[in-house]
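Inspection log for the structure reproduced underneath, given as structure tokens.
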Amino acid sequence: MTVTEMMKQIEERLTGDLPQDMQYLSGLSMDLKGEENAAELLEAIAEKAYSIMPEEQRAEFTEQTFLNGKRLDQAFAETLKLVNDGRMEEAETILAGLSEKIAAYYEDAKPRLFSFRNPFEYHMYRYFYPNDKDFDRAPFDFAHYLQLYGYVLLDNKKLDAAEDALERAIRFNPVSADVRFELAELCKLRRDGKKLLAVCQDTLRFCTTPDRIARVLANMGFYCYYIGDFYEAAVFYFESLRFYGSKAVEIELQDVMRHMKNYGQKFAPPTEGQTLDVYRKYGLQPPPNSDLVNLAVTLADSAQEYGKPELEGLFTRVAYDLTNNPQFRERLEIIDRKVQEAKEKGES
């Protein structure tokens, strides 16, 4: 989408009701984050929001959405570059400022604010927490901001502060597996096996891709190795590799097998029954989560019924990622062709 096309759409949708229009612009900002020219589009939306705002509200708006002269998303983008460059102390300083803004203006907002990454996460939350209906969309991806803050604090060996940041991130996105992975790393650093197990149990039910499932299972391998359950550790590492190949996990599996050999134990690929027994021993439901598969298929069918191929594709992709079922891959190919044909017609 070009800026011109977007601005035309915005002008057609604005109503003159300031709260409603600001809510629309905020939602649009989140929807367009995946566009190739997202930075340009978000800049235009921010300028439009500022222009329709009464003069007396602009100072308050600036205070809540800017840090050191930069919009919060721009400040966050700066920290990402710093982290990629290994400049963690500088990144921590900016992220601390972002954290303070979030705490001051958004953390205790009524209704509660969430920053789901995509529509499927929204529906996951509705599925897992059906009684919670009074919430709204955060203007920025605060869960991601606080997740990165926690990561940086971990790297800077500030474990208590990191835990606080990550717990806050989870409150902004209760169905995020990614935030919980950082929490698992903190548990490893503290050698807190009890909490690591609880985090793994909590995370697995929210995993929507094979690499995320594999990461939880690798963490379970770490946990079992830590408590001395070498056979179970080997099973979890084996299961992790079944979902997603990783050289690091292969090395961990080989290390566990060497320890087992030292104790006179042998490891062979476990049977289905043996694998299920290991999952049950630690209170885990074997992946993939059938509830998420069924939810994805139901949402995909609904999107198809309402003629929304992009959403149908998103939900079908989740079902395929979870199951690797070729029927879902074929459906994705059909959807992709429909979307491409629609784009070509629009351009002609």
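The values are calculated or read from the model by the stated rules, or taken from the named source; none is laboratory data. This is a predicted model, so every value here is computed, not measured. Virtual Cβ from ideal backbone geometry, glycine too; neighbours counted across all protein chains shown. The area values use the complete protein model at the heavy-atom level, side chains included, leaving out ligands, DNA and RNA. Shrake-Rupley method; radii C 1.70, N 1.55, O 1.52, S 1.80 Å.
Side notes on the structure shown:
- Solvent-accessible surface of the chain, averaged per residue with a 1.4 angstrom probe and all protein chains in place: 54 square angstrom.
- On Cα atoms only, tilt of 88-105 relative to the major axis of the chain in degrees: 60 degrees
- Residue-wise HN-Hα coupling along region 281-293, computed from phi with Karplus coefficients 6.51, -1.76, 1.60 (Hz; x: Gly, Pro): 4, 10, x, 10, 8, x, x, x, 6, 4, 4, 5, 4
- Rounded to the nearest 500, the helix-only mean residue ellipticity at 222 nm of the chain stands at -24000 deg cm²/dmol, with each DSSP H run of n ≥ 4 adding -39,500 (n - 2.57).
- Rg/Rh for region 234-348 (Cα atoms only, Rh after Kirkwood) is 1.19.
- Computed from point charges on the beta carbon alone (+1 for Lys and Arg, -1 for Asp and Glu), the dipole magnitude for the chain about its Cα centre is near 1420 Debye.
- Shape category assigned to region 77-176 from the gyration tensor of Cα positions, a/c cut at 1.5: prolate
- Taking a Cβ cut-off of under 13 Å around F230, the surrounding Lys, Arg, Asp and Glu residues balance to a net charge of -1, with basic ones at +1 and acidic ones at -1.
- In degrees, nearest ten, helix 193-204 long axis to first principal axis of the chain (Cα): 60 degrees
- Convex hull volume of region 115-265 per residue (C-alpha atoms, cubic angstrom): 119 Å³
- For I52, nonlocal amide neighbours, meaning residues 5 or more places apart or on other chains whose placed amide H falls under 5 Å from its own, do not occur.
- Calculated FRET efficiency for the pair D17/D136, C-beta based, R₀ 22 Å, to 0.05: 0.85
- Put simply, region 260-316 fits an ellipsoid with semi-axes of 41, 11, 8 Å; these come from the alpha carbon gyration tensor as the roots of five times its eigenvalues, largest first.
- D (Stokes-Einstein, µm²/s), Kirkwood Cα radius, region 135-199, 1.002 mPa s at 20 °C: 182 µm²/s
- Largest-first principal axis extents, alpha carbons of region 96-145, Å: 34, 20, 14
- With every protein chain in place, the chain: carbon and sulfur % of accessible area (1.4 Å): 49 percent
- Cβ-placed point charges (K, R +1; D, E -1), dipole of region 119-272 about Cα centre in debye, nearest 20: 300 debye
- Reference-scaled alpha-carbon Rg (2.2 N^0.38 Å with N residues) for region 195-293: 1.01
- The C-alpha radius of gyration of region 9-66, expressed as a fraction of 2.2 N^0.38 Å, stands at 1.12.
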